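Take a look at the structure set out below.
The values are calculated or read from the model by the stated rules, or taken from the named source; none is laboratory data. Predicted model only: the values in this text are computed from it and were never measured. Backbone-built Cβ (ideal geometry, glycine too); neighbour counts: all protein chains shown.
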Amino acid sequence: MIRPSHVVCFLAILAQFVFAEWARSQETDKKLERIAADWKRRQERFTRVQYEVRGNVMIPRENIMDERNKPIHTDSESGNIDAPFSWTLLLDFENNRHRLVDEQHYYSVPEKKLFKRSTIAAFDGKSHWVSIKRDGDPERKSTDSDIAIRSGDLRVYRIGSDKFPAFYGHGIVPYAGAGRLFAGQLTLDTDTDQFTIHGQAVYQGRQCIVARTQPQQGTDTFFDELWIDLSRESAVVRHARYGGNTPITDTYVSYRQVQNCWLPDRWEATLRQGRKVINIVQARVESLELQPAVAEADFRIAELPGMLVSVGVIPKWEDESKSPPEAQGVRRFRIDETGHRQEVIFENGIEKHLRPRNWAWWLVGVLLLAVCGAVAIVWRRRLAAKR
């Protein structure tokens, strides 16, 4: 028999449960609001910044495969492959411009050795400039451009995830669903509506809250997990991208205090394929300059005599699941000794200079015709008036 006292007791327990859930929800909302506010302040604090970063990429030798998908290492080979790198990233948030000088070493499977690849990429607010140099590159052809300049849909020129920690300190966190960073889009809206709180974690002895994004359905269930240190202006100390139960990318970041702001100092990022480690990146900030002076030339690449420069427009990338479209209307120019562009074409691998379009002479001719026409009209009118 259910007594009134039992009902009262049940309702009291239920009320406590509902109140506890409501209080937990309120606390979660306050934390998310604080994170959003902290990231917003970070975005507004500095308009320009430059990072110089050095580090090493550790590649497990046993996980490198040849063209037949077989391991390349032998019993006589042991240890990991260490590929050093360095990059300098200049960010002009105010004008949405950037410059990246990136020096990496990549492992060539056929040669079984490292090659250095140097890249300069810049966006001047309208066009993306890129120049790539590879030491001893056997595949480079005489028709390859020294500088490629592209406008149009620039989403193909994305900022790699290995550069993300440089953005965390400025409240720019490209988690799943928040958008990507690419030439012309260096900032993202501060939006934590996609987050849910999944308890707490400890990193370097400090309490952090764990936030996750809503799962995205695909071949696996993808979501991002962020460990956020609220006491350090919501600094992101871990960013893991999950595909199923295993992180595909997993980055841990350490911070240092600069001008009363916590900015990234070093980080370690692990890239996996399934449970297999592809590489581990260890990076450190060698120098950090806040509010550096900049010039227009910083966001372009110098066109030096002898260089081959190509200019084109990338059409709209309709389906990002497919390869990006090729540039259209591409024109090539050889830089002469005076630093000017001379348009060239290649026929059967042979370079030919196009006859320059002398617009000045055309303009003079048009003006002469206009003057002659005006004189003729005035002369006819005078003759008509005398009659």
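Quick rundown of the values:
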| quantity | calculated |
| --- | --- |
| Segments classed as strands (runs of 3 or more DSSP E), wholly inside the stretch 201-318, with at least 2 members that are among the β-branched types (Val, Ile, Thr) and touching a strand residue (DSSP E or B) at 6+ places or on another chain (Cβ under 8 Å) | 206-213, 221-229, 235-243, 246-258, 276-290, 308-314 |
| Neighbours by Cβ (under 9 Å, 6+ apart or cross-chain): first from the stretch 41-59, touching a residue at least 40 places away in the same chain (Cβ under 8 Å); second in a loop (DSSP other than H, G, I, E, B) and acidic (Asp, Glu) | 41/233; 42/233; 47/94; 48/94 |
| Residue ID - surrounded by the most Cβ atoms within 10 Å (Cβ to Cβ), chosen from residues in the stretch 145-190 that are acidic (Asp, Glu) and within 28 Å of residue 262 (Cβ to Cβ) | 162 |
| Condition met for residue 193 (farther than 22 Å from residue 100 by Cβ, exposed (fewer than 14 other Cβ atoms within 10 Å of the Cβ) and within 19 Å of the chain's Cα centre (by Cα)) | no |
| The stretch 73-107: number of residues that are loosely packed, with under 13 Cβ neighbours inside 10 Å and either under 30 Å from residue 123 (Cβ atoms) or at pLDDT 95 or above (or both) | 1 |
| Selection status of residue 300, surrounded by fewer than 16 Cβ atoms within 10 Å (Cβ to Cβ) and either farther than 17 Å from residue 48 by Cα or among the basic types (Lys, Arg) (or both) | no |
| Pick from the stretch 196-205, criterion under 19 Å from residue 242 (Cα atoms) and out of contact with any Lys or Arg (no Cβ under 8 Å at 6 or more places or on another chain), ranking: surrounded by the most Cβ atoms within 10 Å (Cβ to Cβ) | 200 |
| Near pairs, Cβ below 8 angstrom, 6+ apart or cross-chain, from the stretch 20-39 (farther than 17 Å from residue 200 by Cβ and surrounded by 11 or more Cβ atoms within 10 Å (Cβ to Cβ)) to any residue that is modelled with pLDDT of 85 or more and not hydroxyl-bearing (Ser, Thr, Tyr) | 38/171; 38/230; 38/233; 39/171; 39/172; 39/173 |
| Count of the stretch 206-263 residues which are surrounded by fewer than 18 Cβ atoms within 10 Å (Cβ to Cβ) and among the β-branched types (Val, Ile, Thr) | 5 |
| Criterion violated by residue 70 - all others in (1) under 24 Å from residue 302 (Cβ atoms); (2) at pLDDT below 95 satisfied | (1) |
| Residue 281 in contact (Cβ under 8 Å) with a residue 60 or more places away in the chain, of a type outside the set (Ser, Thr, Tyr), farther than 28 Å from residue 239 by Cα and in the same structural domain as residue 248 (by TED's automatic domain parsing) | no |
| Flag for residue 329 being on the phi > 0 side of the Ramachandran plot, in a strand (DSSP E or B) and not assigned by TED's automatic domain parsing to the domain that holds residue 148 | yes |
| Answer residue from the stretch 252-296, given it is β-branched (Val, Ile, Thr) and closer than 22 Å to residue 49 by Cα and is modelled with the lowest pLDDT among those | 258 |
| Number of the condition not met by residue 182 [criteria: (1) over 21 Å from the mean Cα position of the chain (by Cα); (2) touching a residue at least 12 places away in the same chain (Cβ under 8 Å); (3) over 18 Å from residue 225 (Cα atoms)] | (1) |
| Selected residue (criterion: farthest from the chain's Cα centre (by Cα)) from residues of the stretch 146-177 that are among the hydrophobic types (A, V, I, L, M, F, W, C) and assigned to a loop (DSSP other than H, G, I, E, B) | 176 |
